[in-house]
Amino acid sequence: DAICNFVICNDSSLRSQPIIFNPDFFVEKLRHEKPEVFTELVVSNITRLIDLPGAELAQLMGEEDPKLPGANGTAAGFFRSLMSLKRKEKGVVFGSPLTEEGIAQVSQLIEYLHKNLRAEGLFRVPGNSIRQQILKDALNSGTDIDLDSGEFHSNDVATLLKMFLGELPEPLLTHKHFHAHLKIADLTLFDEKGNKTSTPDKERQIEALQLLFLILPAPNRSLLKLLLDLLYQTAKKQDKNKMSAHNLALMFAPHILWPRNVSTNDLQENITKLNNGVTFMIKHSQKLFKAPAYIRECARLHYLGSRAHASKDDLDLLTSPSSKELQPLKSQKRSRLDTCHQEETQQRTEEALRELFRHVHNMPDSAKKKKLIRQFNKHPAALTPGSDAPASPAPRRTRSRSFSGLIKRKVLGTPVILERKSRDATPEPERVSKENVHLLQKCGSPAHVSQVKLKSLEGQKEESCRRMRARLLSKDSSSL
């Protein structure tokens, strides 16, 4: 019952643009409309992959201030507050918290660098400080910049990009996520005995990063995607620029992952993990910004699985005049779905009943088995038409009717009972004689066959009586 909107674009310049379908539409919808539900869904899956103690989980959720290496003591707190005051005096873009406006300005630098990835030592060789200051002032003032004019070198732009990231109040991946990234770096494979190995578990690391990126602030996530795409393309040209993914990670890890205002001594135990983590992000950047399939399905079901989750805009759209024409079609479709669901449920019920009866039938002979079979016989409706019929006890073999017995029944006047029994009872195939087969072929119906049999029996009785009278007469004559 999903409803799609079609917008007609009259701008000829935009008609040639490719149409992009966002598979994470419901994920983004849930993130913006119900952030608490979205965060709980994502974090519950993060804790399934990595072990976060109570304090670290509270920091990830933003319930507690992050406790970072080298951040203990009043001196460190005073230093951080002094640096934040200095940043407030700086321009619009550099040194300010990350905003969409700042991303729009910095995206000019990223777009230019995509065109100049072959420069040797890109992001490692510093540019000219004077040209960098001119470019920085232009970005802070919001003036238009023509980077393709040839006034600036690619090394100037690359160094300025690193400067922008380094002057952010907190790293691009935020302080709250610092401990989670350390735990992701420790995700390794297990051997056959269940012991950890030194081989990284890449699939779990990718899944954990996908989830962690989902709960980043929107500006941070947007800029991170632009940056990792740039570094990925740069590493692909390492034969020209001599910058591998590991070399790029050494340049950018302090700006996007390391906590602010900490020294290398504070991170001495974790520097290798952090650098390797950024290297992994660069190599797998094309997979990290897609929500896992189960998150997409949960978000989709949140809106389409129940009408109670529909938003006000969806309800208004459903009650619009144009949607009223769709109501009969929707009701028909819903009725078909309900019928299919009932048929599927009925089929599953029949299969379960058949399986239950087979189980009871295969049980060894006991009082319990007899009791269960009696219950089945008391409720024949429980066995559906498609199920196997219960194994009924073997029918009793009817006693063979002798000629004298038939004469007695005929004399006593019970032909009706005999006819009823002969009509109800089905003769066994091996007991059908040639005469009966001939009669069946000749007469065609069981009732007619019974009547023919009775007539033949009457004839036989009369014949026997005639013979008996003849014998008696012969005996009397001989005695005389």
**Asked** Is at least one residue of segment 56-78 among the β-branched types (V, I, T) and either within 24 Å of R296 (Cβ to Cβ) or modelled with pLDDT of 90 or more (or both)?
**Response** no
**Prompt:** So which pairs qualify, if the first residue must be in segment 126-147 and under 10 Å from M163 (Cβ atoms), the second must be outside any loop (DSSP other than H, G, I, E, B) and open to solvent by 30 Å² or more (accessible area, probe 1.4 Å), the Cβ gap must be under 8 Å, and the two must be at least 6 apart or on different chains?
**Reply:** Q132/M163; K136/M163
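Let's see how each residue does on (1) under 29 Å from P69 (Cα atoms); (2) touching a Cys at 6+ places or on another chain (Cβ under 8 Å); (3) at pLDDT 90 or above; (4) in a helix (DSSP H, G or I):
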{"position": "P97", "(1), (2), (3), (4)": "yes, no, yes, no"}
{"position": "Q105", "(1), (2), (3), (4)": "no, no, no, yes"}
{"position": "Y112", "(1), (2), (3), (4)": "no, no, yes, yes"}
{"position": "R118", "(1), (2), (3), (4)": "no, no, yes, no"}
{"position": "I130", "(1), (2), (3), (4)": "no, no, yes, yes"}
{"position": "D137", "(1), (2), (3), (4)": "no, no, yes, yes"}
{"position": "P171", "(1), (2), (3), (4)": "yes, no, yes, no"}
{"position": "L182", "(1), (2), (3), (4)": "yes, no, yes, yes"}
**Message:** Looking at segment 278-291 only, could you name the residues that are open to solvent by less than 10 Å² (accessible area, probe 1.4 Å) and part of a loop (DSSP other than H, G, I, E, B)?
**Reply:** S285, L288, A291
**Asked** In segment 242-277, how many are open to solvent by 40 Å² or more (accessible area, probe 1.4 Å) and outside any helix (DSSP H, G or I)?
**Response** 8
**Fill in**
Residue hits (segment 184-219; in a helix (DSSP H, G or I) and open to solvent by less than 20 Å² (accessible area, probe 1.4 Å)) are I184, Q205, I206, A208, L209, L211, L212, F213, L214
**Prompt:** Being of a type outside the set (F, W, Y), open to solvent by less than 40 Å² (accessible area, probe 1.4 Å) and under 19 Å from T39 (Cβ atoms), is that true of even one residue in segment 161-173?
**Reply:** yes
**Fill in**
Of the residues in segment 30-55, those that are touching a helix residue (DSSP H, G or I) at 6+ places or on another chain (Cβ under 7 Å), closer than 15 Å to R296 by Cα and open to solvent by 20 Å² or more (accessible area, probe 1.4 Å) number 4
**Prompt:** Do you know which of the residues in segment 28-55 that are in a helix (DSSP H, G or I) and in contact with a Lys or Arg (Cβ under 8 Å, 6 or more places away or on another chain) is nearest to F213 (Cα to Cα)?
**Reply:** F38
**Message:** If E207 satisfies all but one of (1) within 36 Å of the chain's Cα centre (by Cα); (2) farther than 20 Å from L60 by Cβ, what's the number of the condition it fails?
**Reply:** (2)
**Prompt:** For L224, all conditions in the list (1) over 29 Å from the mean Cα position of the chain (by Cα); (2) assigned to a helix (DSSP H, G or I) hold save one; what is the number of the exception?
**Reply:** (1)
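The values are calculated or read from the model by the stated rules, or taken from the named source; none is laboratory data. What you see is a predicted model, and the numbers here were worked out from it, not measured in a lab. Backbone-built Cβ (ideal geometry, glycine too); neighbour counts: all protein chains shown. Each accessible area value is taken on the protein alone, full model and side chains, heavy atoms only, with ligands, DNA and RNA left out. Shrake-Rupley method; radii C 1.70, N 1.55, O 1.52, S 1.80 Å.
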